[in-house]
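Take a look at the structure set out below.
Readers should treat all values here as calculations from the given coordinates under stated rules, not as data from a laboratory. Owing to the predicted nature of the structure, the values given are computational and were not obtained by experimental measurement. A quick note on method: Cβ atoms are made from the backbone with ideal geometry, for glycine too, and the neighbour counts reach across all protein chains shown.
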Amino acid sequence: MKFKNFLLIQPMHEKADRKERSSFNFPWGIAYLSSYIKAVGCNVQFLDGQVLQLPKEELAACLDRYDADIIGISAFSTQYNAVRYLSKYIKEKRDIPVVVGGPLATYQPRLVLETTNVDICVIGEGEFAVVELLNNYDNLEKVAGVAFKKDANIVVTQPQKNLVNLDELLEPDFDIFDMEKYLSQHNAYARKELVGKSIMFITSRGCPYNCNFCSKSSRYYRSLSPKQIFKMLKSLKDRFGINEVSFGDELFLISKKKFQEIAPKLETLNIRWGAQARINLMDKEFLAMIKRAGCIGIGYGIESGSQKILNNMNKQITVEQIETVMNQTKRLKIPVKVQLIFGYPGEDETTIQDTIDLFRRIDHPGRRFNVIVPLPGSSLYSYCIREGLIKNEPEYLCAIEKSFGIGKVHVNFTQWPDDEIYPRKYAAEEAMKNNYRNNSRLRKLKYFIGGLKRASGEHS
């Protein structure tokens, strides 16, 4: 074995306002990766800039404490700037390989290798690729699913074979983590305060749908079996005392038939949980089932109340379905977290009003809109590159690193000037809230009048 000590790094998701703490979840990909690295006789250490809330400059300063002869960085596309900074810092200090995995390496391998000090990008899932990389470092052409620098060229090897059965993965390695730091995160789907210990748990990879704005973790959907999900949840409960789970799958509630197998196991474990669902897959029976199984919150990617925009997104849902399912979910008193997008191609005054009207009809306060940000790996991003809407990719990727929450428009798909986008977004959000407040006052008034009538009837 050429390498003895492998240091894995996860940068922080930096925000413009550093006083605001960035959220984080347990890094399941790194946990699996560590098991495979250890299986070939290499030691593993992990430095989590996310859980420690270390900006890239402070994270880089921590690297000097580790005696590593190879370093791996797990990064999203929004962390390009961190990868560029960290890889430069590492190469200035030590002559060791720098490997990058995750969405950034998967969707932008050539860009990363051309513009940073990274040596190797892992394209796609990392478990088997990293084993082959470690065993064949002097002959990387033999390794499927990597891109690397060779002289003045960039070599991209043949694609990996897809891992079909996730149950065959080695058990994730928890020993490299300070687990208590990951067990106090509030459930992403719950409104109530955390009681006990919670963890984000991923049971599948990818999503079978193809929304044009989405940059998926994998182009192929696969899931752990219900038996394996139960086994891992029971292990998490027995070992770490978790009693609440936020399923981090892109789409956990994918099938009523599949969930029928999982539901009794969730009830047996007595674990509160929340997850992402799709409007077109839910009905009264399915919702009642998840309620009985301990669901405390559900996420719906509604995105827009305009059928035109939903069609432009290739969302494969209708406004009528949204109304029906939202009302069914509300009647069962399952808290809902909706996702909404503002400024998608085709957005105008009419489509915004359609969204406001939808939330008035379903008597829901809505939620903040996310102004559309095209991400590598999505059809929308490819469109932006083809049409010249994104002219300089490194500059664009650096710009989106800290953009959330600072009112920055990166690509304007509307007819409005950039400086009108956020005021219009805020106005739409306020309109939805006001509608909900007015509906609430009307409900209270009707309840009060009904009470007076009932009291009058009793005394007549």
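Would you give the gap between the C-alpha center of the range 376-399 and the C-alpha center of the range 295-333, rounded to a whole Å? Rounded to whole Å, the Cα centres lie 28 Å apart. Cβ crowding within 10 Å ranks 133, 52 as 52, 133, fewest other Cβ atoms first. Applying the Kirkwood pairwise sum to the alpha-carbon positions of the range 337-439 produces a hydrodynamic radius of 14.8 angstrom.
Can you give the convex hull volume of the alpha carbon atoms of the range 5-156 per residue, in Å³?
Per-residue hull volume (Cα only) is 104 Å³.
Based on the Kirkwood radius over alpha-carbon pairs, what is the Stokes-Einstein translational diffusion coefficient of the chain at 20 °C with 1.002 mPa s viscosity, in µm²/s? Rounded, D is 89 µm²/s. For the chain, 42, 62, 121, 207, 295, 384, 398 stand unpaired, since no other cysteine beta carbon lies under 4.7 Å from theirs.
What value, in deg cm²/dmol to 500, does the helix sum -39500 (n - 2.57) over DSSP H runs of n ≥ 4 give at 222 nm once divided by the residues of the chain?
Mean residue ellipticity at 222 nm (helix-derived): -12500 deg cm²/dmol.
Quick one: net charge of residue 116's neighbours, Cβ under 15 Å, K/R +1, D/E -1?
Every neighbour counted, the sum reads 0.
Here each label is just a point 7 Å from Cα along the line to Cβ, and for residue 323 and residue 308 those points are 1.9 nm apart. A cut-off of 5 Å between modelled amide H atoms, ignoring neighbours fewer than 5 places along the same chain, links residue 340 with 303, 370.
Between residue 156 and residue 92, the contour length at 0.36 nm per residue exceeds the Cα-Cα span by 20.5 nm. The spacing between the range 43-120 and the range 233-260, judged by their C-alpha centroids, is 31 Å. Add +1 for every Lys or Arg and -1 for every Asp or Glu among the other residues with Cβ under 15 Å from the Cβ of residue 26, and state the total. That sum, taken over residues with Cβ under 15 Å, equals -4. Taking other C-beta atoms within 10 Å as the exposure proxy, 59, 7 rank 7, 59 from fewest upward.
Among 300, 426, a tally of other beta-carbon atoms within 10 Å of each Cβ gives an order, fewest to most, of 426, 300. Lys-Lys pairs in the range 5-156 that are eight or more residues apart or on separate chains and whose Cα atoms lie under 28 Å of each other come to 27.
Remark on residue 248: its backbone amide H falls under 5 Å from those of 201, 202, 203, a criterion applied only to residues 5 or more positions apart or on other chains, H modelled at 1.01 Å from N.
Taken along its three principal axes, the alpha carbon spread of the range 71-111 comes to 27, 16, 16 Å, from the longest extent down to the shortest.
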